[in-house]
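No value in this document is a laboratory result; all are computed from the given coordinates. Keep in mind the model is a prediction, meaning the values are calculated, not measured. Methodologically, a virtual Cβ is constructed for each residue, glycine included, from the backbone with ideal geometry; neighbour enumeration extends over all protein chains shown.
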Ligand SMILES: Nc1ncnc2c1ncn2[C@@H]1O[C@H](COP(=O)(O)OP(=O)(O)OP(=O)(O)O)[C@@H](O)[C@H]1O
Ligand SMILES: Nc1ncnc2c1ncn2[C@@H]1O[C@H](COP(=O)(O)OP(=O)(O)O)[C@@H](O)[C@H]1O
Ligand code: SF4
Ligand code: SF4
Ligand SMILES: [Mg+2]
Ligand SMILES: [Mg+2]
């Protein structure tokens, strides 16, 4: 979004940035590993994950609870407690490396160049301050020379942009005076007030009703079209991903198991875990009397991940390659079509045949 | 209706108003549930769907007598249980059970699984043939748990397994009707599918009737034969599953269905955008409660509450002055009908990316 022309003095001090080449992704994460030392043992919450997001594009990260989605996003935002967390790998935002940088540096980017929206809008808002004041403050933190009036104008403008009626009046109200959907709009206004280039939304609609969810997803799409930001949409809901994502990353046990365009991952999925998710999801279309085909067993503990392919205890095809699935971690490799990656020991031919025989006719995979 | 056709559960005019403080002085009434009529036959599954706060849980809790209704009546197996006390309820307790949403909070952490499942038998003084322990093992097996886990505690189980324990407990007394309040909402999708399949098998094999409360319309479609759609404490539409999903007549049902992000379609296609939020049940709109968000609203919608009446003499009843016709998605939505009243409305957007 345009910074107000009238307030050039409000331009924040931008550190010298290595030139980004055109076409370079805005965010690049390489071999990210996040470990927590806990009383029960070491939690390998993220174990070698890589992805990139360009401006104007949306990456959906899906996986069941505990698969490492939130830990990944908190790492990008530099929000982990350094005393309890070990992070390795590379995170580059707009050409700047974040891993290993002083807190100060990362904090400057956060809220200005990258912003976040969490599941629970209440936790992101302070109950004792008016919503307008909170948005204005978020603006002034990164634009210290802007006057209060100017910041107020900017906040009112943002409230209007996210579809809050009578923004001038709503500015002076408190979070509890807003409904759940309205609060999430306020949080979005606050996240976007500094015109971030990267927006990370972690289950932003999970707590909302479907009609309100639809409003918020539409709003994010509209704002993205207008401001050309890169978006990471984290969700356990494949339906949401199918609506908003350009690219999809499927996580299991802290690792990426499949990665590709939304077409590739949802229409021509290659990983047995993705197959399992798709055949588990009930749909509004197709045969309502057909049984769902669940994945057997339960998601793994990240303290004690199964050896080899972490999915092997639940996989119907784990025995296909002798002991390999149990012994050897499959690497993420090209799955055929350009840009489509999968981490599975099955051969491409096997995957094609098994998908056609076992999966293509069940659930939403159909 | 012949005698053999008597519904198992017969609900008429059921209401629950909660007194609350509103404003600096004065008290208000939250009309959480406001005049519900529906029947459930033996072995039938009725889904109750609607957005947060529309009164689903309140309804479910009244049905199993965890909440006292403030209006209307509940008949179960021909007996009026609307205000039945503990003692009167005892012989019926067996027949009427509830499963809760939260598999964590609903199990006593200090009791073993065996004790939790045996509790309904013990409380009701029932000694099943073969003994309590044998029956509990049988139940554990029935819901797909290892009978050897009899002596374990709830925290040793995953969310899906805990929900199975809750189901086993509900089945202990061989009930005729189970009220299930969001039984799979807290579960991950792969586990959710396991539990939905389990409930379907049990329902078929044991001929159980269900009132299945959920906000997930796709889950309800896979489980229920009949569906009631609620909005602000009222049923706005009720009918057979295929009628509700393929030929919804109430504008709200259409909007709700169109808002579900379905993984079978890529991109946000043809969604009905509803404006605004659900109004507060403290002061619901006059006439049709959906009128503040309805794109078809006219003067009569504010003046007169539309009754829940069947159309075409069929099974599907719709509370709307201007019901929709035709299949879902076709010619529906605000595209065909310009918003008639100021301040209301929604718009349909055909977005392609
Ligand atoms: N004890 C109470 N006192 C006052 N209001 C109440 C009480 N219990 C429920 N309500 C109100 O009654 C309405 C219906 O609540 P209910 O819990 O039945 O909704 P629900 O449809 O189950 O919603 P959800 O999908 O969020 O579970 C809501 O507006 C709620 O705030
Ligand atoms: N601060 C922490 N300390 C220890 N373990 C954590 C911490 N934060 C997350 N975890 C663990 O890391 C794993 C991944 O968590 P998370 O990324 O939140 O999953 P999700 O995919 O549901 O967002 C989980 O096993 C979680 O318990
Ligand atoms: S590597 Fe083996 S266990 Fe893992 S998904 Fe592929 S076939 Fe299944
Ligand atoms: S047309 Fe009128 S009666 Fe029907 S749903 Fe809309 S507002 Fe209600
Ligand atoms: Mg999370
Ligand atoms: Mg509820």
Task: Average beta carbon contacts from partner chains per residue of A:240-250, 10 Å cutoff - done: 3
TODO: Summarise the partner chain shielding of B:157-163 as one whole number: the mean count of Cβ atoms from other chains within 10 Å of each residue's Cβ.
DONE: 2
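How many percent of DSSP beta bridges within chain B run antiparallel, rounded to 5?
Taking every DSSP beta bridge with both residues in chain B, the antiparallel ones total about 65 percent.
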Task: region A:269-362 shape via C-alpha gyration tensor axes, a/c threshold 1.5 - done: oblate
Task: Gyration tensor verdict on chain A (Cα atoms; rounded if a/c is under 1.5, prolate if a/b is larger than b/c, oblate otherwise) - done: prolate
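Sum -39500 (n - 2.57) across every DSSP H segment of at least 4 residues in chain A, then divide by the residue count to get the 222 nm mean residue ellipticity, nearest 500.
Details: 13 runs with 113 residues, N = 366.
After summing the helix terms and dividing by the residues of chain A, the value is -8500 deg cm²/dmol.
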Task: Likely footprinting exposure, B:65, A:185, A:316, fewest C-beta neighbours within 10 Å first - done: A:316, B:65, A:185
Task: GNM flexibility winner over chain A from A:188, A:91, A:164 (Cα, springs under 10 Å) - done: A:164
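Which of rounded, prolate or oblate describes the protein assembly as shown when judged by the alpha-carbon gyration tensor and an a/c cut-off of 1.5? Could the numbers behind the result be given before it?
Values: a/c = 1.74, a/b = 1.21, b/c = 1.44.
Judged from the Cα gyration tensor, the protein assembly as shown comes out oblate (a/c at least 1.5, b/c at or above a/b).
How would A:242, A:65, A:92, B:325 line up from fewest to most surrounding beta-carbon atoms within 10 angstrom? It would help to have the intermediate numbers written out before the result.
Numbers: A:242 24, A:65 15, A:92 19, B:325 11.
By the 10 Å Cβ count, ascending: B:325, A:65, A:92, A:242.
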TODO: Considering only DSSP beta bridges where both residues belong to chain A, give the percentage that are antiparallel (nearest 5).
DONE: 60
Task: Fluctuation leader among B:105, B:228, B:209 - chain B, Gaussian network, Cα springs under 10 angstrom - done: B:105
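Sort A:83, B:176, A:69 so the one with the fewest other Cβ atoms within 10 Å of its own Cβ comes first. Numbers along the way, then the final one.
On the way: A:83 6, B:176 21, A:69 25.
The fewest-first ordering by Cβ neighbours comes to A:83, B:176, A:69.
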TODO: Once you've got the GNM for chain A with C-alpha springs shorter than 10 Å, pick whichever of A:153, A:183, A:84 has the biggest mean-square fluctuation.
DONE: A:84
Task: Per-residue mean of C-beta atoms belonging to partner chains within 10 Å, peptide A:209-222 - done: 6
Open item on the list: With both bridge residues required to lie in the protein assembly as shown, what share of the DSSP beta bridges run antiparallel, to the nearest 5%?
Closed with: 65
